[in-house]
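Each remark here refers to the structure printed beneath this line.
The values are calculated or read from the model by the stated rules, or taken from the named source; none is laboratory data. Since the structure is predicted, the reported quantities are computational estimates derived from the model, not experimental observations. Counting neighbours? That spans all protein chains shown, and the Cβs are built from the backbone with ideal geometry, glycine included. Accessible surface is based on the protein model in full, side chains and every heavy atom, while ligands, DNA and RNA are left aside. Shrake-Rupley method; radii C 1.70, N 1.55, O 1.52, S 1.80 Å.
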Amino acid sequence: METNPVSQVSASDERRADVIVEAAGRLFFGAGFARVSMDDLARELGMSKKTIYRHFPDKRSLLATVLDRQFAAVDRTLVAATEDAAGQPFAVRVQRFLIAAGSELGRIGAPQLATGRGGDAMLRQYVEQRVDAVVYRRLDDLFLEGHRQGLLQAPPELLSEITRGALERLLTSRLPNELDWTAADLLRATVDTVLHGAIRPEARGADDEQPRAVIPTTRDDDQEVTP
């Protein structure tokens, strides 16, 4: 059977591009994007910069490809975590999702890139958009589901904002070192703290009591005052 030379070249180019992206990911996430030059990458790969530039016109386009692949992996992890927790109590589903999300975002360094440590405004915007699409929209949907089921004592929008802030702050915090905790332990404690009092038990006895979040419905200065 005859072979197609163009297909062979394309397959070879695709494999070389994969090798470049894999090595770039190791270096970017290990030493930090700003600290790794294209010369460093060329030395790591044992190839010329000209070869790298034939596949990727600049360092930022290479990082975008690396992040695309990393966020695809994050997406797969979150889908698996959601499926594994199916049928579990709502609080367990939220906790497992957040722990999986926090672990994945910490692994790829997304919070550092999104908060400016990458030194590139367009890159920061790109990371923020990807985190929102892959992680936070799923989190919003999860809280909305809990609200529809009557399991939440606070507005789902408020819980989403609180949890986003806590998760992102934790991932850029020095607390793991200061408290001598693992990042996973600190993340679990944070999730428990954020959600405490927000999720109702799914089965309660008549005599059970639970603190309720105080949700204002009307501003005091908007209320009509009668003499």
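A cut-off of 5 Å between modelled amide H atoms, ignoring neighbours fewer than 5 places along the same chain, links residue 32 with no other residue.
Give me the base-10 log of I(q)/I(0) for region 43-104 at each q in 0.13 Å⁻¹, Debye formula, one uniform scatterer per Cα, rounded to two decimals. Values returned for q = 0.13 Å⁻¹ are -0.53. In a shell of Cβ-Cβ distance under 11 Å around residue 86, excluding residue 86 itself, what net charge do Lys and Arg (+1) and Asp and Glu (-1) give? It works out to a net charge of 0.
Ordered from largest to smallest accessible area (heavy atoms of protein chains, 1.4 Å probe), the residues 190, 82, 163 come out as 82, 190, 163.
For a Förster distance of 25 Å, can you work out the FRET efficiency between the beta-carbons of residue 82 and residue 11, rounded to the nearest 0.05?
0.10
Between residue 48 and residue 128, the simple label model (points 7 Å from Cα in the Cβ direction) yields a spacing of 4.1 nm. Could you work out the percent of alpha carbon pairs in region 1-102 separated by over 21 Å, rounded to a whole number? Roughly 51 percent, rounded to a whole number. Among 179, 45, the sequence by solvent-accessible area, most first, with a 1.4 Å probe is 179, 45. Each residue was assigned an accessible area with a 1.4 Å probe, and for residue 126 the value is about 60 Å².
Say R0 is 41 Å: what FRET efficiency, to the nearest 0.05, do residue 189 and residue 157 get from their beta-carbon distance? Using R0 = 41 Å, I get an efficiency of 0.95.
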